[in-house]
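S.K.: Structure below; questions to follow.
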Amino acid sequence: MFFIYYEFLLIPSFLIVYFSSSNQKGVQASIYFLIWTQTGSTIVLSVIVLIMQVGDISYFSDINSIELESNLIERTKLFLFLGFGFKIPIWPLYYWLTKTHVEATGAFSMYLSGFLVKTALYGLYKFLIVINWTEINVFFLSIAVVGIVMSSLQM
């Protein structure tokens, strides 16, 4: 339910950026926002459905009770990184966010970074707790540190 409610927030968010933009770059930024966040959503939803089908479970909370093949686990981790990477966004998947922040109003920019991005991060956190894959936490932390260093050097 958390995932579905979060996705419903993206539709009015797209419309706010789209209609508050007074130039072509703003329209382009809103389209980037929509395409990249929905790409991430599609990937995450596909991974959830795949895991539930392979594990033959009906409830998301039962995911931690199934055993997956090692090659499926590795591909799942990669796709989760991509899916949540677009939504949080994690370096190097952040291109849409910089465009959207520049073209959005100040209030929407605060909403975007203060709520939407952090809610996606919370979703990733909850997902990792349910799955209980501690080694992926090290991977995400490594990517976050690289992103911090890269952005600091670019500043």
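The values are calculated or read from the model by the stated rules, or taken from the named source; none is laboratory data. Remember, predicted model here, so these are calculated numbers, not experimental data. Note that each Cβ is placed from the backbone with ideal geometry, even for glycine, and that neighbours are counted across all protein chains shown.
S.K.: Report, by residue number, each residue of the stretch 36-66 that is among the acidic types (Asp, Glu) and farther than 16 Å from ILE129 by Cα.
M.R.: Of everything in the stretch 36-66, just one residue is among the acidic types (Asp, Glu) and farther than 16 Å from ILE129 by Cα, namely ASP56.
S.K.: Given the structure, is PHE115 buried (at least 17 other Cβ atoms within 10 Å of the Cβ) and not acidic (Asp, Glu)?
M.R.: No, not satisfied.
S.K.: Condition first: in a helix (DSSP H, G or I) and either in contact with a strand residue (DSSP E or B) (Cβ under 8 Å, 6 or more places away or on another chain) or surrounded by 17 or more Cβ atoms within 10 Å (Cβ to Cβ) (or both). Now tell me which residues in the stretch 103-112 satisfy that.
M.R.: Of everything in the stretch 103-112, those that are in a helix (DSSP H, G or I) and either in contact with a strand residue (DSSP E or B) (Cβ under 8 Å, 6 or more places away or on another chain) or surrounded by 17 or more Cβ atoms within 10 Å (Cβ to Cβ) (or both) turn out to be GLU103, PHE108, LEU112.
S.K.: Only one of these is β-branched (Val, Ile, Thr), over 21 Å from MET110 (Cβ atoms) and modelled with pLDDT of 80 or more: VAL44, VAL17. Name it.
M.R.: VAL44
S.K.: I've got another one for you. Among the numbered conditions (1) under 17 Å from the mean Cα position of the chain (by Cα); (2) farther than 14 Å from ALA120 by Cα; (3) of a type in the set (A, V, I, L, M), tell me where ALA107 comes up short.
M.R.: (1)
S.K.: Would the stretch 19-28 turn up any residue that is of a type in the set (Phe, Trp, Tyr) and in contact with a Gly (Cβ under 9 Å, 6 or more places away or on another chain)?
M.R.: Scanning the stretch 19-28, I find no residue that is of a type in the set (Phe, Trp, Tyr) and in contact with a Gly (Cβ under 9 Å, 6 or more places away or on another chain), so the answer is no.
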